[in-house]
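The values are calculated or read from the model by the stated rules, or taken from the named source; none is laboratory data. In this text, all values refer to a predicted model and were calculated from it rather than measured experimentally. Virtual Cβ from ideal backbone geometry, glycine too; neighbours counted across all protein chains shown. Surface areas here come from the heavy atoms of the whole protein model, side chains and all, with no ligands, DNA or RNA. Shrake-Rupley method; radii C 1.70, N 1.55, O 1.52, S 1.80 Å.
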Amino acid sequence: MTELLPSSRVSSTALQREDGFELLCALAGAELAPQRLERIGNWNLSTLDWSDVLRLAEHHGVLPLVARNLIGHGCDGHGRGLPPETQRSLRSAYEANLRRSLWFTAELARIMQHFERRQLRALPYKGPVLAQSVYRDLGLRSFSDLDFLISPADFERAKQALAEIGYRPFADFTPAVERLWLRTGYERSFDGAAGKNLIELQWALLPHFYAVDLGVEDLLARAGRTVAGGREVPCLSPEDSVLVLCLHAAKHLWTRLIWLSDIAETLRTQTIDYSLVFSRAGALGITRILGVSFWLVKNVLRAGLPQSAEEMIAADPQVPALGSEFAERLARGAVYDFESTEYFRLILKLRERRGDSWRYLWRLVWTPGAGDVAALRLPEALFPLYRIVRIGRLIRKLL
């Protein structure tokens with residue numbers, strides 16, 4: 001991807017950082033294909049600013065993968081010639097992440113046991129479940145919280161169940177605001193004795209205004225089973241995992257390499273019925289989102305794709321153009337204000353059906369968000385006026 005920046009205009013520092021990013025792309029996988037190993041073997045690792053590379057790897061969530069692939073668990077690493085201090089830093093980072101992941105995994109098992117006692121259906125995803133089922137190693141996937149999908153009707157019971165084992169909502173909402181948020185939002189964060197924002201209860205995958213109506217009830221009904229922390233727990237079906245991971249990456253505009261790695265490793269390790277994936281994506285109007293995700297996996301990570309994914313990319317001429325745009329933004333570390341007009345415009349470009357685009361715009365304008373509620377306190381009877389607050393705030397962003 002070095003061709004994305006004209007060499008005549010790039011400083012040596014920028015070139016080195018770009019080279020470091022390219023190395024991270026090659027290393028961001030649990031099992032590297034021969035072509036990626038060859039790329040790594042051809043790198044002159046002594047020319048890199050390793051403090052900068054390690055910071056970049058942490059930002060992209062791939063530091064544990066970089067550590068395992070460069071220094072291995074013993075003598076199987078591919079980072080010959082690494083400075084000793086860099087080797088120590090990498091080993092320390094991997095071990096610290098493994099300890100944190102083991103704690104989260106034990107906590108996941110404890111929470112799921114408590115939910116089951118209360119006869120609460122909850123579907124853990126990402127986090128330890130993804131690390132064990134896709135990466136096959138808890139130390140290879142970093143995460144800072146536990147995510148649970150629940151039915152909206154079960155939110156209050158789940159909130160009470162978490163309170164019984166020491167978790168409290170990160171933000172205090174009045175009952176009226178909580179009811180509004182259950183209709184227009186999608187998640188609530190919870191703090192525990194070990195820190196803030198450790199748990200997320202999610203009753204939808206995306207806020208209402210995204211206009212992607214993939215119901216949690218459907219995901220719960222199709223769930224499989226896996227083992228985490230020595231306990232059998234529900235998990236997303238392989239087909240739903242592909243949809244959910246692509247949606248999550250798209251919501252964040254693919255700004256971190258780890259989200260591409262999650263998709264690539266899921267495609268590599270899971271037995272997937274692609275006809276089901278593409279059928280569900282078509283019904284939801286997110287075929288383009290899947291296509292861009294697959295394009296980035298292929299062209300940024302240079303990971304292999306199944307033929308059906310290649311055909312999906314080829315079917316939409318907008319996919320390569322959008323993929324190139326997001327790849328360039330990813331390489332230069334672009335950041336976004338997720339309430340900015342630029343962000344909303346980019347999300348709009350990802351919808352392939354005109355009807356979905358109009359639904360997205362309509363909901364974007366009319367659906368109050370947390371910022372709108374925080375901007376003005378209203379009694380519940382006047383909550384419809386939050387739509388006016390919403391419009392006013394959007395207009396100010398345009399000016």
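Among residues of region 227-255 that are without any contact (Cβ under 8 Å) to a residue 40 or more places away in the chain, those with a beta-carbon under 8 Å from a residue that is open to solvent by 30 Å² or more (accessible area, probe 1.4 Å) and acidic (Asp, Glu) at least six positions away or on a different chain give the pairs Pro238/Asp273.
The number of residues in region 341-399 being under 30 Å from Trp295 (Cα atoms), within 25 Å of the chain's Cα centre (by Cα) and of a type outside the set (A, V, I, L, M) comes to 14.
Checking Gly77, Gly81, Gly61 one by one, the residue that is surrounded by 13 or more Cβ atoms within 10 Å (Cβ to Cβ) and modelled with pLDDT under 95 is Gly77 and no other.
A single entry from Arg363, Arg345, Arg351 fulfils the requirement of being surrounded by 15 or more Cβ atoms within 10 Å (Cβ to Cβ) and in a helix (DSSP H, G or I): Arg363.
Residues are listed down the side, and each one gets a yes or a no for (1) touching a Pro at 6+ places or on another chain (Cβ under 9 Å); (2) in a loop (DSSP other than H, G, I, E, B); (3) over 18 Å from Cys25 (Cα atoms):
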residue: Pro64; (1), (2), (3): no, no, no
residue: Arg99; (1), (2), (3): no, no, yes
residue: His114; (1), (2), (3): no, no, yes
residue: Ser144; (1), (2), (3): no, yes, yes
residue: Asp147; (1), (2), (3): yes, no, yes
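Suppose the filter is surrounded by 18 or more Cβ atoms within 10 Å (Cβ to Cβ), under 28 Å from Arg354 (Cα atoms) and modelled with pLDDT of 95 or more; does Cys235 pass it? Steps first, answer last, please.
Numbers: surrounded by 18 or more Cβ atoms within 10 Å (Cβ to Cβ): yes; under 28 Å from Arg354 (Cα atoms): no; modelled with pLDDT of 95 or more: yes.
Criteria not met by Cys235.
Scanning region 199-226 for residues that are buried (at least 16 other Cβ atoms within 10 Å of the Cβ), in contact (Cβ under 8 Å) with a residue 60 or more places away in the chain and more than 17 Å from Phe143 (Cβ to Cβ) gives Pro207, His208, Phe209, Tyr210, Ala211, Val212, Leu214, Val216, Leu219, Leu220, Ala223.
When Tyr125, Tyr94 are screened for being surrounded by 20 or more Cβ atoms within 10 Å (Cβ to Cβ) and closer than 11 Å to Pro64 by Cα, only Tyr94 passes.
With the condition kept exactly as written, say whether any residue in region 267-289 is part of a helix (DSSP H, G or I), open to solvent by less than 30 Å² (accessible area, probe 1.4 Å), in contact with a Pro (Cβ under 7 Å, 6 or more places away or on another chain) and not small (Gly, Ala, Ser). Yes: one or more hits.
Do we have any residue at all in region 202-225 that's closer than 19 Å to Tyr135 by Cβ, assigned to a strand (DSSP E or B) and more than 18 Å from the chain's Cα centre (by Cα)?
The initial filter retains those residues of region 202-225 that are closer than 19 Å to Tyr135 by Cβ, namely 224-225.
Imposing the further condition that a residue be assigned to a strand (DSSP E or B) reduces the set to 224-225.
Still in the running and more than 18 Å from the chain's Cα centre (by Cα): 224-225.
Yes; the residues of region 202-225 include at least one that is closer than 19 Å to Tyr135 by Cβ, assigned to a strand (DSSP E or B) and more than 18 Å from the chain's Cα centre (by Cα).
Put simply, of Arg68, Arg136, Arg141, Arg121 the only residue that is on the phi > 0 side of the Ramachandran plot, of a type in the set (Lys, Arg) and in contact with a helix residue (DSSP H, G or I) (Cβ under 8 Å, 6 or more places away or on another chain) is Arg136.
Scan Arg179, Arg188, Arg183 and give me the residue that is over 30 Å from Gly282 (Cβ atoms) and assigned to a helix (DSSP H, G or I).
Details: Arg188 fails: assigned to a helix (DSSP H, G or I); Arg183 fails: over 30 Å from Gly282 (Cβ atoms).
Testing whether each residue is over 30 Å from Gly282 (Cβ atoms) and assigned to a helix (DSSP H, G or I) leaves just Arg179.
Would you confirm, using the coordinates I've provided, whether Lys196 is more than 27 Å from Gly29 (Cβ to Cβ), open to solvent by 30 Å² or more (accessible area, probe 1.4 Å) and assigned to a strand (DSSP E or B)? Yes.
When the residues of region 311-323 are narrowed to those that are over 28 Å from Leu394 (Cα atoms) and touching a helix residue (DSSP H, G or I) at 6+ places or on another chain (Cβ under 8 Å), which ends up most open to solvent (accessible area, probe 1.4 Å)? Selected residue: Ala315. Among what's in region 290-310 and is of a type outside the set (Ser, Thr, Tyr), under 19 Å from Lys251 (Cα atoms) and assigned to a helix (DSSP H, G or I), pick the residue that is most open to solvent (accessible area, probe 1.4 Å). For region 290-310, the residue satisfying everything is Trp295.
Between Asp172, Asp154, which is more than 18 Å from His248 (Cβ to Cβ), among the acidic types (Asp, Glu) and either at pLDDT below 95 or open to solvent by less than 10 Å² (accessible area, probe 1.4 Å) (or both)?
Details: Asp154 fails: either at pLDDT below 95 or open to solvent by less than 10 Å² (accessible area, probe 1.4 Å) (or both).
Only one candidate passes the filter, namely Asp172.
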